[in-house]
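Taken together, the values in this text are just the output of simple stated rules run on the coordinates, not laboratory data. Here the structure is a predicted model, which means the values were calculated and not measured. Ideal geometry is used to build each Cβ from the backbone, glycine not excepted, and the neighbour counts take in all protein chains shown.
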Amino acid sequence: MDIPYGRQNIDQDDINAVVGTLKSDFLTQGPKVKEFEDAFAKYLGANYAVAVNNATAGLHLSVMALGLKEGDRVITTPITFAASANCVRYVGGEVWFADIDPDTYLLGLESTKTLIESKPKGFFKGIIPVDFAGLPVNLEAFRKLAIEHDLWIIEDACHAPGGYFVDSNGSKQMCGNGNLADISVFSFHPVKHIACGEGGMLTTNSKILYDKLTLLRTHGITKNNISENHGGWFYEMQKLGFNYRLTDIQSALGITQLAKNEKGVIRRNEIATRYKEAFRNKIKFQSLPKNNYNAHHLFIIEVDNRKGLYDALRTKNIFAQIHYIPVHTLPYYKNIGYESASLKNSETYYKNCISLPMFPTLTNQEQEFVIESVLNFVEQ
């Protein structure tokens, strides 16, 4: 039996919800989208949520809503999926990479601060930190830095619905609650916590940003705040937007998936604890800062012979994965001048990293087989 690194968990209630929507009057642009948005915002404690067709589209809308334009510069991490950086390029901006912390694998606060302070104020426009593997970025510290330098923050929380950290005042800050980031972005790809086939969600506490996001999501077309009105059919295209909508079919699935996320994150943490107990003092894994709750999209270890372990696991039908190839080393980014970037922590991490199976329906027996296989390879 194959053991993938991630897998969706579809139950009968998910199927029933989708079938019910298929039999309804609305397959798209109907009531399920708003129901999903409202439920998601409530779950995180955010004021507003905007459903989109995927997280990449959500990142694109986010930089547009925040006014990013050609030549503007944004800092992000090289250890992320390419979309976290690509969204800046979509509008002609420049991506600047700051190195990761070697233990948390998150965008380093000090490396980001050093990069910002090496340039005159106003040189950068924003920061896109990533809650990598499900571990929350310390947005309290990043927000302080952003305020000092007049920067916005887009939180890429695609790995982290259900993750949180406790701030200096003792308050629980859920990933995506809108308190510390201007906009947060989530993904509903099947290997993520909440599976909609494809899909994404944006959260914000700003009514101004919410209005911009919803306008841009639907071609820039609206029936609100129009300059003239010829009748009930009339609309205006006020901005050049996109068709980045999520369907009612996907939203129906998202609603039932969301209802199971808390339970799923608990199970993910049980799996992570078992891995840690097996590997402690033998194999390096992502650290967990005090007062943080990792949503554990991934469980990542570092080993010297990563390629050897990857191949050995595949012979046993354990399909581990690598997250991620550093973005600045991808051919597109090399070709536009990033080849000489010095990001040693990121490059060292990439040489050693491998993601082990992590999903709520992974059985204890399957996990024991994975652990045994990893230890047998490492200790041989």
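The peptide list 223-234, 274-285, 52-63, 187-198, put in order of mean Cβ contacts within 10 Å with the highest first, becomes 52-63, 187-198, 274-285, 223-234.
Let a ≥ b ≥ c be the square roots of the eigenvalues of the Cα gyration tensor of region 1-151; is it rounded (a/c under 1.5), or, if not, prolate (a/b larger than b/c) or oblate? Note, shape of region 1-151 comes out prolate.
Among residues other than Gln173 whose Cβ falls under 13 Å from its Cβ, what is the net charge (Lys/Arg +1, Asp/Glu -1)? Result for the local shell: -2. Helical runs assigned H by DSSP (4 residues or longer) give the chain a calculated mean residue ellipticity at 222 nm of -11000 deg cm²/dmol, each run adding -39500 (n - 2.57) before division by the residue total. Taking Lys and Arg as +1 and Asp and Glu as -1, the other residues whose beta-carbon sits under 9 Å from that of Glu155 total -3. By the Cα gyration tensor, region 106-207 has an equivalent ellipsoid whose semi-axes, rounded to whole angstrom, run 25, 15, 13 from largest to smallest.
Along the axis of the charge dipole computed for the chain (Cβ charges of +1 for Lys and Arg, -1 for Asp and Glu, origin at the Cα centre), the listed residues Ile183, Gly126, Ser251 are led at the positive end by Gly126. Straight-distance candidates among the aspartates and glutamates for linking to Lys351, with alpha-carbon spacing under 20 Å and chain neighbours fewer than 8 residues away dropped: Asp99, Asp101, Asp103, Glu302, Asp304, Asp311, Glu339, Glu379. Taking the 0 to 90 degree range and rounding to the nearest ten, how far is the long axis of helix 248-259 tilted relative to the main principal axis of the chain, both from C-alpha atoms? Orientation of helix 248-259: about 50 degrees from the principal axis.
Please say if the chain is rounded, prolate or oblate, where rounded means a/c under 1.5 for a ≥ b ≥ c the square roots of the C-alpha gyration tensor eigenvalues, and otherwise the choice is prolate for a/b larger than b/c and oblate otherwise? Judged from the Cα gyration tensor, the chain comes out oblate (a/c at least 1.5, b/c at or above a/b).
When the GluC sites (Glu not before Pro) in region 295-379 are filtered for DSSP coil states and for at most 11 other beta-carbon atoms within 10 Å of their beta-carbon, the remaining sites are Glu339, Glu379. Stretching Ile10 away from Asn376 to a fully extended chain increases their span by 128.5 nm, per 0.36 nm per residue minus the current alpha-carbon distance.
Counting charges near Phe186 (Lys, Arg +1; Asp, Glu -1) among other residues having Cβ under 11 Å from its Cβ returns a value of -2.
With kT/(6 pi eta Rh) evaluated at 25 °C and eta = 0.890 mPa s, and Rh the Kirkwood radius from Cα pairs, region 262-378 diffuses with a coefficient of 158 µm²/s according to Stokes-Einstein. Taking square-rooted eigenvalues a ≥ b ≥ c of the alpha carbon gyration tensor, is region 244-297 rounded, prolate or oblate, where a/c under 1.5 means rounded and, failing that, a/b exceeding b/c means prolate? Prolate shape, in that a/c is at least 1.5 and a/b is the bigger ratio.
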